[in-house]
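Below: the structure, in structure tokens.
The values are calculated or read from the model by the stated rules, or taken from the named source; none is laboratory data. What you see is a predicted model; the values in this text were computed from it and never measured. Virtual Cβ from ideal backbone geometry, glycine too; neighbours counted across all protein chains shown.
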């Protein structure tokens, strides 16, 4: 695609800000609100932040790594940026919508591109009931928490919690327990992308639990509903030789 209007945004650390200055000096650019494509300079956390910030505009994001891991990013190179953008492959991501109710009865909503996670807040383990499409599937899971991951997020927190890596485009979500104590042999589930996943927190006053959608945290929740948000598609751009589908495939063969 021929992107005519570029915008550059960067994380606050020196490496990203230096790159921002050099690229803005080299290439014509506009403010993000007027751009056809936004070039995000930073790490994975920053590109997620950028996706959230410009969610309503649905502007494609092309990340270049000026951070640490950079799994969601392209390699940083100041040369031939326009040509790289023209040849980039698009990966469409559909986030999860989290609805969470706290102990006061207040309802909170947030979107997650990677995952929605529930975590115990104190030394007391969490006790969770899990319903899938309004059918109880697990009662009284004793654990540190649980998470629901998108394919794009399956190589992040989900993988650290020993969840499965999901190929981009697969119509499934990963439901993964975090340090589960009971039932001991339960290692999670793969669910259809259309599933409605509900967590109910037992005795939230004694065993408080927080719910987090990417970087949005709600404390002291009583129950949480997670489902795909079909209306909020996002687009990440990748150099063809390092597209997101290939990265996730390669991750499954890492030693």
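Of all residues in the stretch 128-149, those being within 12 Å of residue 180 (Cβ to Cβ) and in contact with a helix residue (DSSP H, G or I) (Cβ under 9 Å, 6 or more places away or on another chain) number 1. Take the conditions (1) modelled with pLDDT under 95; (2) in contact with a helix residue (DSSP H, G or I) (Cβ under 8 Å, 6 or more places away or on another chain); (3) surrounded by fewer than 21 Cβ atoms within 10 Å (Cβ to Cβ); residue 7 misses just one of them, which is (1). Do we have any residue at all in the stretch 54-66 that's free of Cβ contacts under 8 Å to residues at least 40 places away in the same chain, buried (at least 17 other Cβ atoms within 10 Å of the Cβ), touching a helix residue (DSSP H, G or I) at 6+ places or on another chain (Cβ under 8 Å) and part of a helix (DSSP H, G or I)? Within the stretch 54-66 (the criterion being free of Cβ contacts under 8 Å to residues at least 40 places away in the same chain, buried (at least 17 other Cβ atoms within 10 Å of the Cβ), touching a helix residue (DSSP H, G or I) at 6+ places or on another chain (Cβ under 8 Å) and part of a helix (DSSP H, G or I)), the answer is no, since none of the residues qualifies. Among the criteria (1) modelled with pLDDT of 95 or more; (2) within 30 Å of residue 238 (Cβ to Cβ); (3) surrounded by 19 or more Cβ atoms within 10 Å (Cβ to Cβ), the one residue 109 does not fulfil is (3).
The set of residues from the stretch 18-34 being under 28 Å from residue 115 (Cα atoms) and surrounded by 15 or more Cβ atoms within 10 Å (Cβ to Cβ) comprises just one member, 32. Can you say whether residue 69 is under 16 Å from the mean Cα position of the chain (by Cα), exposed (fewer than 13 other Cβ atoms within 10 Å of the Cβ) and under 24 Å from residue 112 (Cα atoms), as far as the supplied structure shows? In short, yes. Screening the stretch 72-106 for residues that are more than 22 Å from the chain's Cα centre (by Cα) and not in a loop (DSSP other than H, G, I, E, B) and picking the one that is modelled with the highest pLDDT gives 102.
Considering every residue within the stretch 178-195, establish whether at least one is within 27 Å of residue 107 (Cα to Cα), touching a helix residue (DSSP H, G or I) at 6+ places or on another chain (Cβ under 7 Å), assigned by TED's automatic domain parsing to the domain that holds residue 124 and not in a loop (DSSP other than H, G, I, E, B). No, every residue in the stretch 178-195 fails to be within 27 Å of residue 107 (Cα to Cα), touching a helix residue (DSSP H, G or I) at 6+ places or on another chain (Cβ under 7 Å), assigned by TED's automatic domain parsing to the domain that holds residue 124 and not in a loop (DSSP other than H, G, I, E, B).
Is it fair to say residue 64 is in the same structural domain as residue 237 (by TED's automatic domain parsing) and at pLDDT 95 or above? In short, yes.
Can residue 122 be described as outside any strand (DSSP E or B) and either more than 15 Å from residue 204 (Cβ to Cβ) or modelled with pLDDT under 95 (or both)? Considered against the rule, which asks whether it is outside any strand (DSSP E or B) and either more than 15 Å from residue 204 (Cβ to Cβ) or modelled with pLDDT under 95 (or both), residue 122 comes out as no. Residues in the stretch 132-172 that are closer than 17 Å to residue 197 by Cα, free of Cβ contacts under 8 Å to residues at least 24 places away in the same chain and within 15 Å of the chain's Cα centre (by Cα): 1 in all. Picking from residues in the stretch 115-127 that are in contact (Cβ under 8 Å) with a residue 60 or more places away in the chain and more than 13 Å from residue 176 (Cα to Cα), the one that is surrounded by the most Cβ atoms within 10 Å (Cβ to Cβ) is 126.
Residue by residue, here is whether (1) modelled with pLDDT of 95 or more; (2) surrounded by fewer than 15 Cβ atoms within 10 Å (Cβ to Cβ) holds:
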{"residue": "183", "(1), (2)": "no, yes"}
{"residue": "192", "(1), (2)": "yes, yes"}
{"residue": "213", "(1), (2)": "yes, no"}
{"residue": "219", "(1), (2)": "yes, yes"}
{"residue": "243", "(1), (2)": "no, no"}
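For the residues 133, 144, the requirement of being at positive phi and modelled with pLDDT of 95 or more singles out 133. Residue check: residue 91 meets all listed conditions (1) more than 30 Å from residue 253 (Cα to Cα); (2) touching a residue at least 40 places away in the same chain (Cβ under 8 Å) but one, namely (1).
For the stretch 231-241, the criterion of being loosely packed, with under 14 Cβ neighbours inside 10 Å and either more than 30 Å from residue 61 (Cα to Cα) or in contact with a strand residue (DSSP E or B) (Cβ under 7 Å, 6 or more places away or on another chain) (or both) is satisfied by at least one residue.
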